[in-house]
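Engineer: What follows is a single structure, and I will ask about it in a moment.
Values quoted throughout were computed directly from the atomic coordinates according to the rules given, and no laboratory measurement underlies them. Note that the structure is predicted; figures quoted are calculated from it, not measured. Virtual Cβ from ideal backbone geometry, glycine too; neighbours counted across all protein chains shown.
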Amino acid sequence: MLQRKINNVLAIMLLSSSAYAGEIKVPQPSVYSGLDINLKAYASFESGFSKQNNLKESEKNISANKNGFAFYNDAALYANISKNHEETKYGAKIVLVPTAKRKGSADYNGSHIFIESAFGRIELGSPIPVAANMMISDGSVPTKYIKKNSSHLKQDTEISPSFLTSDGCFIGDELTADLKSAPYSSEPPRTINYYTPKFALGDSSKLQVGISYTPDTANTGISNVNEKSYGLQKKTVGLNNIDRFEVDRSVKDAITAGILFEQDVTDNIGLKVAVTGEYGTAAGKAKKFINKDDKQPQEYKLADVKSYNIGGELQVSNFTFSSCYGSFGNSLTIPEFHKTGRKSSYYSLGTAYKYNNTTAKVTYFTSDQYKNKVSSIKLNVSHLLAKGLKPYAEISSYTLKGKPEFHNELHTKTTKGTVALVGVKLTL
């Protein structure tokens, strides 16, 4: 019986490579009585062209052997399996990620169990906390094609500046990948999430609240519970006159929460506002090693995680206007290392216009991390060529301006660049 079920699922997975685009409904023989199985998948291919100033010849390659040009592709498949029992719906989301890398969309991240009822939705083991899932934000920079650790920015020091090139959360997000962690896990930590139903406030308004709990960000999906898998949280930095700093950025007892308000003003005007935040206790410490053989490094306690994001989206007929502001405060910093400054923040503005199957969008993003600044403007045009088949083109212009945060005696340096992308995405 079990083998027959497996064979049916495998058959559907093979059929998903066909040209059909849309949600796949698995045929339900009597053995599946009351069981709802939906499969979704996507595949994308992208050509990236990059040009950046103030780079040495040896730094210009964006792939191992190619200067200024690279291919990138991505794919994922997931199954939503659920069953209704009286007034409760329960089931599981099972995700297959061929590239073993975290995806940009929450749809294609993290197998977990869920339970839905009139009282809301509970997700057990999800890697996407409430703050990351409910926030309204718009921005980021195409970092796959950008050199942030160039010799020009290092200024003959051992480290390069830290730049905040994406908006998001510390908990369960790749934000910390910007902080020179290497190597790092592509698996985020596991959480328990709870979302209330969308409560009606009058005839045209809705309100939803969510909260999540992450006991230990070092316990990622690829580690055993008794292992300390630092993932994105650990980095080692060498410095002048000091052998190194080791920083454990893991967080324990993290809480994230969000409030989403939706208002239908008229038939053609809609408003969304979301406020999200997170709090967590810094579990690790920063250690300063005077020399290579230092057996008693000096330890420093990192500041706890405290962050928030406020975002809004206004839809007027075919236009959509969005904006957001986020702050991470002093989260996971120490004055002994972050000498140029300890605060991080960002904001973004975006405008999109949709005409039939074509959408054009302009986004401005800027951030400040430890007094290191990023600004970027991006134009994206996409066209729905057929159901599920969307080619797109994008061009981003960016400026990075800063200095290594340990060296406040240096002058800031600037690097500018442009990234052009041409790609296609197939959603099944």
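Engineer: Students often get this wrong: which residues of region 283-312 have the backbone nitrogen under 19 Å from the point 7 angstrom along Cα-to-C-beta of Tyr325?
Structural biologist: Of the residues in region 283-312, 306-312 have backbone N under 19 Å from the label point off Tyr325.
Engineer: Determine, from the Cβ-Cβ distance of Tyr72 and Asn241 and an R0 of 45 Å, the FRET efficiency 1/(1 + (r/R0)^6), rounded to the nearest 0.05.
Structural biologist: Calculated value: 0.65.
Engineer: Also: Would you please give the residues with an amide H less than 5 Å from that of Lys285, counting only those at least 5 places away or on a separate chain, with H modeled from the backbone geometry?
Structural biologist: HN-HN under 5 Å from Lys285: Asp248.
Engineer: Related question: R0 = 25 Å: FRET efficiency of Ala118 with Ser204, Cβ-based, nearest 0.05?
Structural biologist: 0.70
Engineer: Taking the simple approach of a point 7 Å from Cα along Cα-to-Cβ for both Thr399 and His411, what is their distance in nm?
Structural biologist: So the label points at Thr399 and His411 sit 1.6 nm apart.
Engineer: Are any of the pairs Lys287/Lys378; Lys40/Lys89; Lys89/Lys144; Lys147/Lys301; Lys288/Lys413; Lys285/Lys371 more than 29 Å apart by Cα-Cα distance, and if so, which?
Structural biologist: Lys287/Lys378; Lys89/Lys144; Lys147/Lys301
Engineer: Same structure again: With the Cα gyration tensor of region 264-343 in hand, convert its eigenvalues to equivalent ellipsoid semi-axes via √(5λ) and list them largest first in whole Å.
Structural biologist: 45, 12, 8
Engineer: Treat the count of other C-beta atoms within 10 Å as a stand-in for reagent exposure and order Thr358, Thr340, Thr217 from fewest to most.
Structural biologist: Arranged by neighbour count, lowest to highest, Thr358, Thr340, Thr217 become Thr358, Thr340, Thr217.
Engineer: From the P(r) of region 31-97, could you give the percentage of C-alpha pairs in the tail past 20 Å?
Structural biologist: Value for region 31-97 (Cα pairs over 20 Å): 57 percent.
Engineer: Rounded, prolate or oblate: which one fits region 321-397, using the alpha carbon gyration tensor with axes a ≥ b ≥ c (rounded when a/c is under 1.5, else prolate when a/b beats b/c, else oblate)?
Structural biologist: Prolate is the answer for region 321-397, as a/c is 1.5 or above and a/b outweighs b/c.
Engineer: Then there's this: Pairwise over distinct Cα atoms, reciprocal of the mean inverse distance: report the Kirkwood radius of region 385-428 in Å, one decimal place.
Structural biologist: Computed over Cα pairs of region 385-428, the Kirkwood hydrodynamic radius comes out at 13.8 Å.
Engineer: Let me ask you something else. With θ taken as phi - 60° and the coefficients 6.51, -1.76 and 1.60, list the Karplus ³J(HN,Hα) couplings across region 353-370 in order, rounded to whole Hz; mark glycine and proline as x.
Structural biologist: Residue by residue, region 353-370 yields 10, 10, 10, 6, 9, 10, 10, 10, 9, 10, 9, 10, 9, 9, 8, 9, 10, 6 Hz.
Engineer: Once the Cβ-Cβ distance between Lys387 and Glu87 is put in as r, and R0 is 41 Å, what FRET efficiency do you end up with, to the nearest 0.05?
Structural biologist: For R0 = 41 Å, the calculated efficiency reads 0.75.
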